[in-house]
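Computed from the coordinates by the stated procedures, all read-outs in this text should not be read as laboratory data. Note that this is a predicted model, so its numbers are computed, not measured. All Cβ positions, glycine included, derive from the backbone under ideal geometry; neighbour counts span all protein chains shown.
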Amino acid sequence: ASILDFWGLQYISAGLERLILFTYPTLTLLIGVLFQGKAFTRRELLALVLCYTGIGAAFIHDLGLGDARDVLVGGALVFASSVAYAIYLSGSGPMIARLGAMRFSALAMLVSTAVTLLHFGLSEPLTAIVQPLPVYGWSLAMAVFSTVIPVFALGAAIRRLGPERTSLYGMVGPMLTIGFGWWLLDEPVSLAQLGGAVLVVAGILVVSRK
């Protein structure tokens, strides 16, 4: 999921990437319906319609900014990332019940690190690991502040607030990404993109609440 997400970011804006990636709750729902025998309600259908209408609006915005092929390729890669993460979530329930959220998260990070290093070893020469010093600094910052701390903070939040309230607070992610993309990366923001973000967040809220 991580590798596909990074590949997709080479083609599309961070705002659109986050909108597509945050479809994983609805994809997890579909996996449960199609392969785990779970029921499908009207509210969940509404969530799907809202999410994918929002993504469509954001796609229209990005298609008008540059190469349409890049948007389609990048969108497909990030959507594949979301599918991979949804499959991971759908299968992780029994393991979390046995190991606990914190231990499971730590083991999942160790396994993903090993697989990423294996991919690097197979796809790149070993000399590629020699990079300018700032690259190592940014990599360390991403590992600590964008991966390790959020994963364990999420586990702590779930323990204190429960999964439902935690997921609701997490829905600000797409909106924050669009804002930071505009502020830090000079990515343009339009009413279509903001409207798409609102629809995606609304859809996820609908499917997350019980």
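Summary table below
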item: Most positive-pole-ward Cα, Thr28, Leu126, Gly181, against dipole of the chain from beta carbon charges; result: Thr28
item: Relative intensity, log₁₀ I(q)/I(0), of segment 1-78 from a Debye sum that treats every alpha carbon as a point, q = 0.27 Å⁻¹; result: -1.18
item: The chain - percent relative contact order, Cα under 8 Å, separation 6 or more; result: 43 percent
item: Cα gyration tensor category, rounded, prolate or oblate, for segment 55-152 with a/c compared to 1.5; result: oblate
item: Relative packing of 119-127, 19-27, 178-186, which averages over residues the other C-beta atoms within 10 Å, highest first; result: 19-27, 178-186, 119-127
item: Choice from Val115, Val130, Val198 showing the highest fluctuation, given a GNM over the chain with Cα pairs closer than 10 Å; result: Val130
item: Length gained when the stretch Thr41-Leu205 is fully extended (0.36 nm per residue, less Cα-Cα span); result: 57.6 nm
item: FRET efficiency estimate (nearest 0.05) - Cβ-Cβ, Leu133 to Ser92, R0 35 angstrom; result: 0.45
item: Percent of alpha-carbon pairs separated by more than 20 Å within the chain; result: 63 percent
item: Sum of -39500 (n - 2.57) over DSSP H runs of 4+, divided by residues of the chain (222 nm, nearest 500); result: -26000 deg cm²/dmol
